[in-house]
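The values are calculated or read from the model by the stated rules, or taken from the named source; none is laboratory data. Everything numeric in this text was worked out from a predicted model, so none of it was measured. Neighbour counts run over all protein chains shown; Cβ positions are idealised from the backbone, glycine included.
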Amino acid sequence: MRMVFRWYGRGNDTVTLEQIKQIPGVEGIVWALHDMMPGEEWPMDKIMAYKELSDAHGLHLEVVESVNVHEDIKLGLSTRDLYIDNYIRTIEKLAKVGVKTICYNFMPVFDWTRTDLYKELEDGSTALFYEKAAIDSMDPHELVRKIAVKPDLTMPGWEPERLAQLSVLFEAYKNVTEEDLWGNLQYFLERVVPAAAEHDIKMAIHPDDPPWPVFGLPRIMTGRDSIRRLLDLVDSPYNCVTLCSGSLGANPANDIAAMVREFADRIPFAHIRNVKVYENGDFVETSHRASDGSVDTVEVVRAYSDIGFTGYARPDHGRHIWDEKCRPGYGLYDRALGIMYLWGVWDAAERAKKERMNG
């Protein structure tokens, strides 16, 4: 397991590369050009700026999250080939700086959905929270006003320029079915995966967050069956999945450890985090400790050990603790604690495996 840490860039993150470097076992950053709109070709000079920064701190930048997919591609519009061509040229440039995995998603309109960015927990920390009843009764414009109004830091998937066209986007998706979305995803992958394979970069789709329809919009990456279908769309070792235990774990029916074992050779990148799911469908993000949430993170990490996982992993979202002022879900303290918890479970699992092998 190769530990990495998501970083939003100098001037756009409360966490510094100097701090990341001090977290035991972290070898690289997970990055993106967050000032680029979906569909734009990434400029080489901006890519190189990240390369120079990461090199200066002894960190690699082999994982990009995300090269966002333009809405016209998801909608299957006649303009999609222009944006796919831009995507392919971006892949070619990323290969030149050593990128090996691109995480992306295919969620319509909203990249992720929560109703509260700072829900207070019993211990006084705060975390990202999803209230099912609120989403079921809320107008999406109201959610945008609540979540994305004048953020101090960029909110990937909640770009103000795009959300300003919310009514237009919802109208465009009005007659788009799940099958339509699957067809548009296949078209995208049939164009992009061969280019990624040529440059030895794995395309790793992120599951929908949460893994069910929101505001009537279709969602297709929701569990084991959809991952199987995704991998069959283009049968290539470069068509992969970013297995996110938090996104998938919001649905208690998803057995994350079983998915790790089944899709072992198609998981280049893992997000390992925990969520506590309530009977009414609400969920809140918790510490990474297994007993604090509904995801058995111990068994998930054991599964990665069992398959001999050599891909990248990051702790994903954390709580906001010790009065840290940070981007929602992306502070330093709780993610660093999460990494040490994951390493502890990993080291124990690896030692147990070695003892079994030695009889």
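For the stretch 329-351, residues that are without any contact (Cβ under 8 Å) to a residue 40 or more places away in the chain and over 22 Å from the mean Cα position of the chain (by Cα) total 4. Just one residue in the set 261, 289, 273, 266 is among the basic types (Lys, Arg), within 18 Å of the chain's Cα centre (by Cα) and either modelled with pLDDT under 95 or over 30 Å from residue 137 (Cβ atoms) (or both); that residue is 266. Among the residues of the stretch 191-243, those that are touching a Pro at 6+ places or on another chain (Cβ under 7 Å) and small (Gly, Ala, Ser) comprise 204, 223.
Listed by first and then second residue, the pairs linking a residue in the stretch 48-72 that is over 16 Å from residue 101 (Cα atoms) to a residue that is modelled with pLDDT of 95 or more and among the basic types (Lys, Arg), with Cβ atoms under 9 Å apart and 6 or more places separating them unless they lie on different chains, are 48/96; 57/21; 58/21; 70/80; 72/80. Residue-level check: of (1) loosely packed, with under 15 Cβ neighbours inside 10 Å; (2) modelled with pLDDT of 95 or more; (3) of a type outside the set (D, E, K, R); (4) in a helix (DSSP H, G or I), residue 345 misses just (1). Any idea which residue in the stretch 319-328 is nearest to the chain's Cα centre (by Cα), counting only those that are modelled with pLDDT of 95 or more and within 18 Å of residue 284 (Cα to Cα)? So the residue we want is 319. Of all residues in the stretch 295-305, at least one satisfies being more than 18 Å from residue 254 (Cβ to Cβ) and either surrounded by fewer than 24 Cβ atoms within 10 Å (Cβ to Cβ) or polar (S, T, N, Q) (or both).
Do we find that residue 219 is among the charged types (D, E, K, R), under 27 Å from residue 88 (Cα atoms) and modelled with pLDDT under 95 in this structure? So residue 219 passes the test. Of all the criteria given as (1) surrounded by 13 or more Cβ atoms within 10 Å (Cβ to Cβ); (2) within 20 Å of residue 219 (Cα to Cα); (3) at pLDDT 85 or above, the one not satisfied by residue 174 is (1). Identify, from the list 101, 113, the residue that is crowded, with 20+ Cβ neighbours inside 10 Å, touching a Leu at 6+ places or on another chain (Cβ under 9 Å), of a type in the set (Ser, Thr, Tyr) and at pLDDT 80 or above. Just a single option satisfies the conditions, and that option is 113.
Under the condition of being more than 12 Å from residue 287 (Cβ to Cβ), of a type in the set (A, V, I, L, M, F, W, C) and in contact with a helix residue (DSSP H, G or I) (Cβ under 7 Å, 6 or more places away or on another chain), the residues counted in the stretch 338-352 number 3.
Among the listed residues 33, 53, 82, 75, identify the single one that is modelled with pLDDT of 95 or more, surrounded by fewer than 19 Cβ atoms within 10 Å (Cβ to Cβ) and within 23 Å of residue 147 (Cα to Cα). The unique qualifying residue is 33.
Taken over the stretch 307-328, the criterion of being part of a loop (DSSP other than H, G, I, E, B), among the charged types (D, E, K, R) and either within 13 Å of residue 346 (Cα to Cα) or touching a residue at least 40 places away in the same chain (Cβ under 8 Å) (or both) is satisfied by 316, 319, 324, 325, 327. Just so you know, in the stretch 2-30 the residues that are on the phi > 0 side of the Ramachandran plot and touching a residue at least 24 places away in the same chain (Cβ under 8 Å) include one that is surrounded by the most Cβ atoms within 10 Å (Cβ to Cβ), and it is 9. Considering only residues that are modelled with pLDDT under 85 and assigned to a helix (DSSP H, G or I), which ones fall in the stretch 143-171? Within the stretch 143-171, 143, 144, 145, 146, 147, 160, 161, 162, 163, 166 qualify.
Of all residues in the stretch 239-278, exactly one satisfies the criterion of being out of contact with any strand residue (DSSP E or B) (no Cβ under 6 Å at 6 or more places or on another chain), of a type in the set (Lys, Arg) and in a helix (DSSP H, G or I), namely 261. Per the conditions (1) on the phi < 0 side of the Ramachandran plot; (2) touching a residue at least 60 places away in the same chain (Cβ under 8 Å), the sole criterion not satisfied by residue 279 is (2). Residues in the stretch 105-134 that are out of contact with any helix residue (DSSP H, G or I) (no Cβ under 9 Å at 6 or more places or on another chain) and under 18 Å from residue 205 (Cα atoms): 105, 111.
From the list 241, 277, the one residue that fits, being surrounded by 24 or more Cβ atoms within 10 Å (Cβ to Cβ), out of contact with any His (no Cβ under 7 Å at 6 or more places or on another chain) and within 26 Å of residue 128 (Cα to Cα), is 241.
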